[in-house]
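Structure, as structure tokens:
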Amino acid sequence: AVRQVEHRAQQGDAILIVLDNVESWAPPPAPLPDASSIRLLITTRVRWLHNSFRPYEVQPLELIHASELLQTIVGRKLAQADELLRALGGHVLSIELAATYLREYGTSPAAYLTLLAAGKSPGSTVADQTSYRATAECAFRLLWQRITPTLRAAWVLAAQLPPTWFSTELAEAIGLDVEDRRGLMRLHLLERDDQGRYQKIGRASCRERV
């Protein structure tokens with residue numbers, strides 16, 4: 001895949017590679033394509049990684065732009081939406097979830113805000129219909145096609161686990177051996193704490209829908 005990307009770059013194509021939610025750059029992932037027309041876009045929550053890149057901090061949407069996004073997804077202008085948008089703080093994913101819920105259920109911004117104030121998560125019922133989830137699941141389908149049958153079976157098994165920490169002994173007992181666990185961690189589908197326990201990462205559950 002790296003050679004194909006480099007070949008296209010040498011033919012004059014401008015290429016952008018996105019590495020999402022990067023947690024470490026020591027050492028950098030390898031191999032990486034090497035061509036002047038290739039650009040890397042790294043997303044991360046780890047501020048010290050800024051030392052390795054030219055940082056650009058994504059700011060929340062201003063109210064006017066948040067309103068435009070809400071209206072675009074819902075398909076119509078909604079009355080009294082500003083209070084909800086202020087509560088969502090300009091965060092794009094939160095706005096997309098709210099807008100999708102309002103579109104699908106035909107409810108009002110005030111009713112959605114009331115649900116949030118009551119500690120509920122109404123947007124979770126429409127998460128599968130957001131453009132973000134569709135993009136993520138497309139990426140997972142491509143990943144699924146490229147991994148070995150053994151790792152696929154481990155992914156399916158991990159997807160059934162509850163989002164709680166479990167021991168190495170339990171992992172072995174249910175059929176996740178050391179190579180399975182290493183492979184799932186490499187794909188950021190499983191994480192390990194400093195006590196040697198494991199927990200599936202939320203994205204691992206996407207295998208249930210791929």
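The numbers here are math on the coordinates, done by the rules we state, and not lab data. Note that this is a predicted model, so its numbers are computed, not measured. Glycine gets a Cβ as well: all are built from the backbone with ideal geometry, and neighbour counts include every protein chain shown.
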Phi-derived 3J(HN,Hα) across segment 135-145 with the Karplus relation (6.51, -1.76, 1.60, θ = phi - 60°), rounded Hz, x for Gly and Pro, is 5, 4, 5, 4, 5, 5, 4, 5, 5, 4, 5
I'd like the distance separating the alpha-carbon centroids of segment 115-175 and segment 75-99, in whole Å.
27 Å
Cα pair distances exceeding 20 angstrom across the chain, given as percent
69 percent
Let me spell out the model: positive unit charges on the Cβ of Lys and Arg, negative unit charges on the Cβ of Asp and Glu, origin at the Cα centre of the chain. What dipole size does that give, in debye rounded to 20?
280 debye
Cβ-derived FRET efficiency at R0 35 Å, L116 paired with L40, nearest 0.05
0.45
Computed ³J(HN,Hα) along segment 161-172: with the Karplus parameters 6.51/-1.76/1.60, θ = phi - 60°, integer Hz and x for glycine or proline, the list is 6, x, x, 10, 6, 9, 7, 4, 4, 5, 4, 4
Compare the Cα positions of A66, L116, L84 along the charge dipole of the chain (+1 at Cβ of Lys, Arg; -1 at Cβ of Asp, Glu; about the Cα centre) and return the one farthest towards the positive end.
A66
At a Förster radius of 25 Å, what calculated FRET efficiency corresponds to the Cβ-Cβ distance of L63 and Y105, to the nearest 0.05?
0.60
Rounded to the nearest 5, what is the percent of antiparallel bridges among the DSSP beta bridges in the chain?
45 percent
Cut-off 10 angstrom, C-alpha nodes, Gaussian network model of the chain. Which of S94, S124, S24 fluctuates the most?
S24
Length gained, R54-T135, 0.36 nm per residue minus C-alpha separation, equals 26.6 nm
For segment 54-69, just list the computed ³J(HN,Hα) in residue order, Karplus coefficients 6.51, -1.76 and 1.60, θ = phi - 60°, integers in Hz, with x standing in for Gly and Pro.
7, x, 9, 8, 7, 8, x, 5, 5, 4, 5, 6, 4, 5, 5, 5
